[in-house]
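A quick write-up on the structure given underneath.
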Amino acid sequence: MLENRLVNAPAGTRLLLSGNEATARAVWEAGTRVAAAYPGTPSTEILENLAPFPDIYTEWSVNEKVSLEVAIGASLAGSRSYCAMKHVGMNVASDALMTQTLAGVVGGLVISIADDVGFSSSQNEQDSRFWGRFGHLPILEPADSQETYEMTLAAFEISETYDTPVIVRMTTRICHVKAMVTVGKKIEKTAAGFKPDPARWVMVPGAAKRQLPKMLERDGKLKIASEQSPFNILEDGSDKRIGFITSGPAYMHVRESYPDMPLLKLGFTHPLPMEVIRKFSQQVEKIVVVEETEPLVEGELNGAKLSVPIHGKDILPATDELSPAVIKPAIDSLLGIKTEVVQVVETPAAPLFPRPPTMCSACPHLGVFYTLSRVRNIHISGDIGCYTLGAGQPWEALDTTISMGASMGIALGLDKGRGESDSNKAIVAVIGDSTFLHMGMQGLLDITYNRGNVTVLLLDNRAVGMTGGQENPGSGRDLQGDETPRVDFAKLVEALGVAPERVKTVDPYQLPELFKTIRQEVKIPEPSVIITDQPCVLIDHYIQKPAFTVVDDKCTGCGNCLDVGCPAILVTKRGKEVKPNGQEVDLAFVRIETAACTGCDLCPKTCAPDAIVPLPLPEKGCTTHG
């Protein structure tokens, strides 16, 4: 297995690793004692690959703020510590970060932030390099897996040398693309132990104010370090018309597109090595800054008043990845070169049926959104997770989704801010178990404290489903798979102020009971929580049942089963029927892909003619369904 090769590879071994895997190996080699994270694409696999290593404590924290606080605490105890998160996670963790940048560190403290350039799996495309400017922190930006490994190791040294947390800014392309990495051996580091120093660690205003001059002095030292960093590399070129300044995976795209032009690859990108850049600018006619996504470097260069023209976002887009297909037309236009359009004759591809994102076959959320789509006169506040897909077809059963945990506060705001047109609308909030523990608990407390009229659907599927089924305090197991106390959600929401009689636990596969419970609770003018309690179908808690099939002779083509949204139900034939009153009705005859069906029993409950029946069990000795 890759994990074993990653853990056991001797020094000098070359491994094909993603940036996330390379990070995990480097964190361990650096002698790190504590690593914490909350799962979030594209950073999730760092902790998953780090967990099997010996002599390091790893945990899934309840959210990114807590994970950073755990790492900070370990640093104060004199241990090297590490924290990983996706870009939006730092929004959650920033309160702790912005204080620790003043207080500094004891053991090296490194934070990997993975930006989702191109919106692969995120609600925004923010640029985490801003945290370096905002928090007076050094930023390292690798361009491939080998650099990710090297920069992560160097980040611990920089952290301890300059008494500062260090950010390694990654992107989806770095996190998930594999490249060859030569690994080393582990550095043995002992924990110095925590040494009380209230004047430094108790960050009341007076103490914080005394730390400010130290932080500003550190800025100057980091500036020198950046100017001297081996991660800022000048690559000469014969064509001096343009000199490129770039970093991260954009470097690869620039080098591929224009191999003969000078290029300054920035690896230590904040503080910006302005003297290195100034010398580089004297060798070229103009500079093009190629950076994903915001014009941070470009803006600083414009303020530096270099002697050559600066281009960047005036010719390049401010969003998405800067691939050669994006870079080359822009640069050719700047050079006055007419880009040749290559005519490619392609054989027309066979038309494919569109496949929008959807939930898994038998997902316990299917019944929830099928039911919500049939409850009238409600507004539904959604959240971040698999259940965000409830906004799509066939359910169209979410009205808002903002950020993790926001369904609670948004729902309360919809309640308190309702107008005349909404006066008779029920307000429903939908949130998953991990998301509720991440940032939703405070919102529910706000609802009960302020007597909001909100019904909460708490979807407990015992996993962080969207990122791959990781454990959380509601699953009863930790990152290593060991048993740990499992949160009792019913008791928890009662402790947050929900009346015991307003806490209901429902099997989401029992559609009549689910529908009845939701209809009943939305009519009650006080906070209410409905907990669904069936596991994600992709984890080992789920018990598969015999599949279902469709009896063709009984199927009337009503299409009710399609409204469940299960991808195992396929349309075989469409038609139309004219009713006696002249109304034309669309028909959709279906079949069930039995290999995908897990026997959840949702679709039979929608079928009036009882055309959906359990698949006959195979005869004794038969190993397939036939």
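The values are calculated or read from the model by the stated rules, or taken from the named source; none is laboratory data. Model, not experiment: these values are computed from the prediction. Note that we place each Cβ from the backbone using ideal geometry, even for glycine, and neighbour counts take in every protein chain shown.
Which number in (1) crowded, with 22+ Cβ neighbours inside 10 Å; (2) under 17 Å from the mean Cα position of the chain (by Cα) marks the one condition that residue 411 misses?
Status for residue 411: all satisfied but (2).
Do we have any residue at all in region 112-121 that's in contact with a Pro (Cβ under 7 Å, 6 or more places away or on another chain), crowded, with 20+ Cβ neighbours inside 10 Å, small (Gly, Ala, Ser) and at pLDDT 95 or above?
yes
When both residues are 6+ apart or on different chains and their Cβ atoms are under 7 Å apart, which pairs have a first residue that lies in region 444-471 and is among the basic types (Lys, Arg), and a second that is modelled with pLDDT under 90?
Correct list of pairs: 462/474; 462/539; 462/541.
So, of the residues in region 211-224 that are crowded, with 16+ Cβ neighbours inside 10 Å and not charged (D, E, K, R), which turns out to be nearest to residue 138 (Cα to Cα)?
222
I'm checking my understanding of the structure. Among residues of region 464-523 that are outside any loop (DSSP other than H, G, I, E, B) and aromatic (Phe, Trp, Tyr), which one is nearest to residue 389 (Cα to Cα)?
515
So is residue 539 under 29 Å from residue 434 (Cα atoms) and part of a strand (DSSP E or B) or not?
No; evaluated as a whole, the condition is false for this residue.
What is the number of the single condition among (1) in contact (Cβ under 8 Å) with a residue 60 or more places away in the chain; (2) under 21 Å from the mean Cα position of the chain (by Cα); (3) surrounded by 16 or more Cβ atoms within 10 Å (Cβ to Cβ); (4) assigned to a loop (DSSP other than H, G, I, E, B) that residue 365 does not meet?
The one condition residue 365 does not meet is (4).
For region 447-466, check the following and say yes or no: at least one residue is in contact with a Gly (Cβ under 6 Å, 6 or more places away or on another chain), crowded, with 24+ Cβ neighbours inside 10 Å and among the hydroxyl-bearing types (Ser, Thr, Tyr).
Checking region 447-466: not a single residue is in contact with a Gly (Cβ under 6 Å, 6 or more places away or on another chain), crowded, with 24+ Cβ neighbours inside 10 Å and among the hydroxyl-bearing types (Ser, Thr, Tyr).
Filter region 370-392 for residues that are among the aliphatic types (A, V, I, L, M) and in a helix (DSSP H, G or I) and give the result. Write out each step before concluding.
Of region 370-392, the ones among the aliphatic types (A, V, I, L, M) are 372, 375, 378, 380, 384, 389, 391.
The answer is 372, 389, 391.
If you take the residues in region 563-574 that are in contact with a strand residue (DSSP E or B) (Cβ under 6 Å, 6 or more places away or on another chain) and closer than 18 Å to residue 594 by Cβ, which one is surrounded by the most Cβ atoms within 10 Å (Cβ to Cβ)?
Among residues in region 563-574 that are in contact with a strand residue (DSSP E or B) (Cβ under 6 Å, 6 or more places away or on another chain) and closer than 18 Å to residue 594 by Cβ, the one surrounded by the most Cβ atoms within 10 Å (Cβ to Cβ) is 569.
Can you tell me which condition residue 109 does not meet? The list is (1) surrounded by 24 or more Cβ atoms within 10 Å (Cβ to Cβ); (2) closer than 21 Å to residue 470 by Cβ, and all the others hold.
Single failed check for residue 109: (2).
With respect to residue 446, determine if the residue is at pLDDT 95 or above and outside the structural domain of residue 564 (by TED's automatic domain parsing).
So residue 446 passes the test.
Mind checking which residues of region 269-296 are under 15 Å from residue 224 (Cα atoms) and either in the same structural domain as residue 116 (by TED's automatic domain parsing) or within 37 Å of the chain's Cα centre (by Cα) (or both)?
269, 270, 271, 272, 273, 274, 275, 276, 277
Which one of 231, 244 is among the aromatic types (Phe, Trp, Tyr) and either under 27 Å from residue 101 (Cα atoms) or modelled with pLDDT under 95 (or both)? Please lay out each step first, then the result.
Values: 244 fails: either under 27 Å from residue 101 (Cα atoms) or modelled with pLDDT under 95 (or both).
Just one listed residue meets the conditions, 231.
When region 277-294 is examined, which residues are found to be free of Cβ contacts under 8 Å to residues at least 40 places away in the same chain and farther than 23 Å from residue 147 by Cβ?
278, 281, 282
Are there helices (runs of 4 or more DSSP H) fully within region 1-98 with at least 1 residues that are surrounded by fewer than 18 Cβ atoms within 10 Å (Cβ to Cβ)? List them.
Numbers: elements: 2-8, 19-29, 44-50, 64-76.
Correct list: 2-8, 64-76.
Under 6 Å by Cβ, and 6 or more places apart or on different chains, what pairs join a residue from region 524-535 that is among the hydrophobic types (A, V, I, L, M, F, W, C) with one that is surrounded by fewer than 17 Cβ atoms within 10 Å (Cβ to Cβ) and in a strand (DSSP E or B)?
Cβ pairs passing all conditions: 531/505.
For residues that are small (Gly, Ala, Ser) and assigned to a strand (DSSP E or B), scanning just region 575-599, find the one that is surrounded by the most Cβ atoms within 10 Å (Cβ to Cβ).
Result: 588.
Considering only region 125-208, give the helices (runs of 4 or more DSSP H) lying wholly within it that have at least 3 residues that are touching a residue at least 60 places away in the same chain (Cβ under 8 Å) and within 21 Å of residue 250 (Cα to Cα).
Passing ranges, in order: 130-135, 145-162, 172-176.
Go through region 278-320 and report how many residues are in a loop (DSSP other than H, G, I, E, B) and buried (at least 20 other Cβ atoms within 10 Å of the Cβ).
Within region 278-320, residues that are in a loop (DSSP other than H, G, I, E, B) and buried (at least 20 other Cβ atoms within 10 Å of the Cβ) number 6.
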